[in-house]
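K.L.:
Okay, here's the structure, questions in a sec.
Please treat every number below as a calculation from the coordinates, not as lab data. The shown structure was predicted, so the numbers you read here are calculated from the model rather than taken from an experiment. All Cβ positions, even for glycine, are placed from backbone atoms using ideal geometry, and neighbour counts span all protein chains on display.
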Amino acid sequence: MERLQKFIAQAGIASRRHAEKLIQEGRVKVNGKVVTEMGTKVHPLKDRVSVDGKSLKLDTKKYYVLLNKPRGYVTTMDDPQGRKTVADLVKGVPVRLHPIGRLDYDTEGLLLMTNDGDLTYALTHPKHEIRKIYTARVAGIPQPADLALLAGGVELVDGLTAPAEVAMIDVIDGNAILEIVIHEGRNRQVRRMCEKIGHPVVRLKRKGLAFLTLDKVARGRCRHLTGREITALKRLAGLSSEK
């Protein structure tokens with residue numbers, strides 16, 4: 001028997017957190033009955049589970065894709081406003097993938113996608129402190145004190161940010177190019193940090209996550225992770241490679 005939200009995540013419909021929301025909203029049925037209890041357990045082979053009327057089938061094969069997301073795409077699998085989504089860029093995968101974390105509409109760069117709900121949950125959990133490396137072009141040139149503030153922690157509306165690694169790596173047309181390494185995953189965090197010091201982001205790219213980079217992955221293209229990369233990611237996330 002497995003918890004309902006875990007079963008939904010393993011079916012590739014959503015991350016475990018999003019699955020919990022689907023249950024709370026009454027969009028999930030088990031054997032034809034709406035279930036809103038978070039502790040509900042189901043048998044993967046015997047019980048019939050559906051989301052929004054669509055029956056779920058558990059595909060035991062897991063897929064792990066690294067996408068170089070361009071600007072102008074939303075990090076969802078479908079969008080009610082009709083905007084382009086990252087799902088449009090991942091072809092040839094026979095199951096529905098979901099993003100691990102988010103990059104906002106105007107941010108480009110490295111985005112992982114998978115149907116492995118356990119890995120998604122673990123990699124986005126704050127306790128694992130997964131490194132995320134960004135290149136940010138900001139308006140103007142921050143002073144050393146500004147950079148020290150970014151590195152030491154910035155007070156945002158949702159609290160003080162954790163210490164970060166910050167370096168100015170170039171100046172182009174009067175705008176600084178910063179490399180910023182964070183371990184948190186707050187919404188629009190890098191943009192809000194830079195706005196706080198008075199140097200808003202002009203362009204933002206995530207170029208690394210943990211040990212993964214965009215090497216040999218062109219903008220708008222993707223590749224499958226290797227077995228070695230998957231094992232290493234699971235180790236970082238506190239999961240055994242067998243899961």
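K.L.:
With the contact rule set at Cα under 8 Å and sequence spacing of 6 or more, what percent relative contact order holds for the range 2-55?
P.N.:
36
K.L.:
If Rh is defined by the Kirkwood formula over all Cα pairs and Rg also comes from Cα, what ratio Rg/Rh do you get for the range 131-209?
P.N.:
0.92
K.L.:
Here's another thing I want to ask about it. Please arrange Ser50, Ser55 by how many other C-beta atoms lie within 10 Å of their C-beta, fewest to most.
P.N.:
Ser55, Ser50
K.L.:
Size of the range 23-122 along its principal axes in angstrom, Cα-based, largest extent first?
P.N.:
41, 29, 25
K.L.:
Computed from the coordinates I sent, Rg and Dmax of the Cα atoms in Å equals one of [x] 19.5, 63; [y] 18.5, 59; [z] 20.9, 72. Tell me the label.
P.N.:
Here the calculated entry is [x].
K.L.:
Right, something else. Could you tell me whether the range 2-55 comes out rounded, prolate or oblate from its Cα gyration tensor? Rule is a ≥ b ≥ c as square roots of the eigenvalues, rounded for a/c under 1.5, then prolate if a/b exceeds b/c, otherwise oblate.
P.N.:
Rounded shape, in that the Cα axes give a/c under 1.5.
K.L.:
With a 10 Å Cβ neighbour count serving as the proxy for reagent exposure, in which order, fewest first, do Ile133, Ile177 appear? Don't skip to the end; give the middle numbers.
P.N.:
Numbers: Ile133 19, Ile177 16.
Fewest-to-most ranking of Ile133, Ile177: Ile177, Ile133.
K.L.:
Please compute the contact order of the chain in relative form: average sequence separation of alpha-carbon pairs under 8 Å and at least six residues apart, divided by the residue count, as a percent. Provide the component values of the computation, followed by the final result.
P.N.:
On the way: 479 pairs, mean separation 49.5, N = 243.
Here the relative contact order equals 20 percent.
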